[in-house]
Amino acid sequence: TGYDLKERRDTIRRDLQSHGYTVMPDRPLPSFGPDYISEVRAHLSGCRLCVHMVGRSYGSVPDGSTDSVVALQHELAIERAALGDFHRLVWMPPDLSTDDERQRHFIEQLEADARVQSAADLLKTPLEDFKSVLHLRLNPPPAPAMPRSGVGPKHIYVVCEQRDRDAVRPLVDFLYEQGFEVIASAFDGDRASIRQDHEDNLVACDAAL
């Protein structure tokens, strides 16, 4: 991380270690760019999840590189994710702002990058909510048993934002009239429980809209 998130990074590291996880890197990384990239790539090869904590600071730039350690790790994690059996969590404080033009550009790239949207979770939440999501990713609860008998109505999961709930009601009514059982997005509870409801609904439904 950049210097401004060092304490929060240490909080996450200690929390993971207290639950028995091995946290990498476990030693100082090289300061020379090519050596830095090689060692981070080696660490990532043995990991199942990567946590990117993005704050105000752009972070240090290794010798021979033009990108910060945070930006380099992000690109290397995308490379690792392409090999499978790997997930990325990108976290930012909900009130994040920065005066560093390089960091502002990096944040804009993260928020617009299709590779982040399709193969990672980008979360702007309080740290405690983020820790809940992190543990769900590392140790997901078993999916609820939803046996399919081959008869009865199909389940359609209608996903929308809370502000659009009234606007999609005619569509929900129409689906009911066609004989479908409709599952609607949940909005009650904390962020972690809402996210878990969403994942459970995706498992349980026959189709999602």
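The values are calculated or read from the model by the stated rules, or taken from the named source; none is laboratory data. If you're wondering where the values come from, they're calculated on a predicted model, not measured in any experiment. Reconstructed Cβ throughout: ideal geometry from the backbone, glycine too, with neighbour counts over all protein chains shown. Side chains are part of the model used for accessible areas, which takes the heavy atoms of the whole protein and leaves out ligands, DNA and RNA. Shrake-Rupley method; radii C 1.70, N 1.55, O 1.52, S 1.80 Å.
Being in a helix (DSSP H, G or I) and either buried (at least 18 other Cβ atoms within 10 Å of the Cβ) or free of Cβ contacts under 8 Å to residues at least 12 places away in the same chain (or both) narrows it down to one residue among VAL90, VAL116; which is it? Lay out the reasoning, then the answer.
Values: VAL90 fails: in a helix (DSSP H, G or I).
When all the criteria are applied, what remains is VAL116.
Apart from one condition, SER38 fits all of (1) among the small types (Gly, Ala, Ser); (2) farther than 27 Å from GLU101 by Cα; (3) buried (at least 20 other Cβ atoms within 10 Å of the Cβ); the exception is (3). Going residue by residue through the stretch 126-135, is there one that turns out to be within 16 Å of the chain's Cα centre (by Cα), open to solvent by 80 Å² or more (accessible area, probe 1.4 Å) and polar (S, T, N, Q)? No, the stretch 126-135 contains no residue that is within 16 Å of the chain's Cα centre (by Cα), open to solvent by 80 Å² or more (accessible area, probe 1.4 Å) and polar (S, T, N, Q).
Yes or no, residue by residue, for (1) of a type outside the set (Ser, Thr, Tyr); (2) part of a loop (DSSP other than H, G, I, E, B); (3) farther than 25 Å from ASP129 by Cα; (4) in contact (Cβ under 8 Å) with a residue 60 or more places away in the chain:
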residue	(1), (2), (3), (4)
CYS160	yes, yes, no, no
ARG163	yes, no, no, no
ASP166	yes, yes, yes, no
PRO170	yes, no, yes, no
PHE187	yes, yes, no, no
ILE194	yes, no, no, no
ASP197	yes, no, no, no
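Checked against the criterion of being closer than 20 Å to LEU16 by Cβ, modelled with pLDDT under 95 and part of a loop (DSSP other than H, G, I, E, B), the stretch 65-79 contains not a single residue that satisfies it.
Picking from residues in the stretch 181-195 that are under 24 Å from ARG137 (Cβ atoms) and not hydrophobic (A, V, I, L, M, F, W, C), the one that is surrounded by the most Cβ atoms within 10 Å (Cβ to Cβ) is ARG195. VAL158 is checked against (1) surrounded by 15 or more Cβ atoms within 10 Å (Cβ to Cβ); (2) closer than 30 Å to LEU127 by Cβ; (3) in contact with a Ser or Thr (Cβ under 9 Å, 6 or more places away or on another chain) and fails just one. What number does that condition carry? Only one criterion in (1) surrounded by 15 or more Cβ atoms within 10 Å (Cβ to Cβ); (2) closer than 30 Å to LEU127 by Cβ; (3) in contact with a Ser or Thr (Cβ under 9 Å, 6 or more places away or on another chain) is unmet by VAL158, namely (2).
If the condition is being surrounded by 14 or more Cβ atoms within 10 Å (Cβ to Cβ) and either in contact with a Ser or Thr (Cβ under 8 Å, 6 or more places away or on another chain) or not hydrophobic (A, V, I, L, M, F, W, C) (or both), then the stretch 161-180 contributes only ARG165. Cβ-Cβ contacts under 7 Å between residues 6 or more apart (or on different chains), taken from a first residue in the stretch 28-55 that is farther than 27 Å from LEU123 by Cα to a second residue that is polar (S, T, N, Q), are listed as GLY33/SER65. Does ASP85 count as touching a Phe, Trp or Tyr at 6+ places or on another chain (Cβ under 8 Å), acidic (Asp, Glu) and either buried (at least 20 other Cβ atoms within 10 Å of the Cβ) or over 17 Å from ARG13 (Cβ atoms) (or both)? The answer is no for ASP85. When LEU44 is tested against (1) outside any loop (DSSP other than H, G, I, E, B); (2) more than 18 Å from the chain's Cα centre (by Cα); (3) surrounded by 14 or more Cβ atoms within 10 Å (Cβ to Cβ), only condition (2) is not met.
Filtered by the rule that a residue be open to solvent by less than 40 Å² (accessible area, probe 1.4 Å) and within 25 Å of HIS105 (Cα to Cα), the stretch 1-35 gives GLY2, ASP4, LEU5, GLY33. Residues of the stretch 56-79 that are polar (S, T, N, Q) and within 21 Å of ASP121 (Cβ to Cβ): GLN73 alone.
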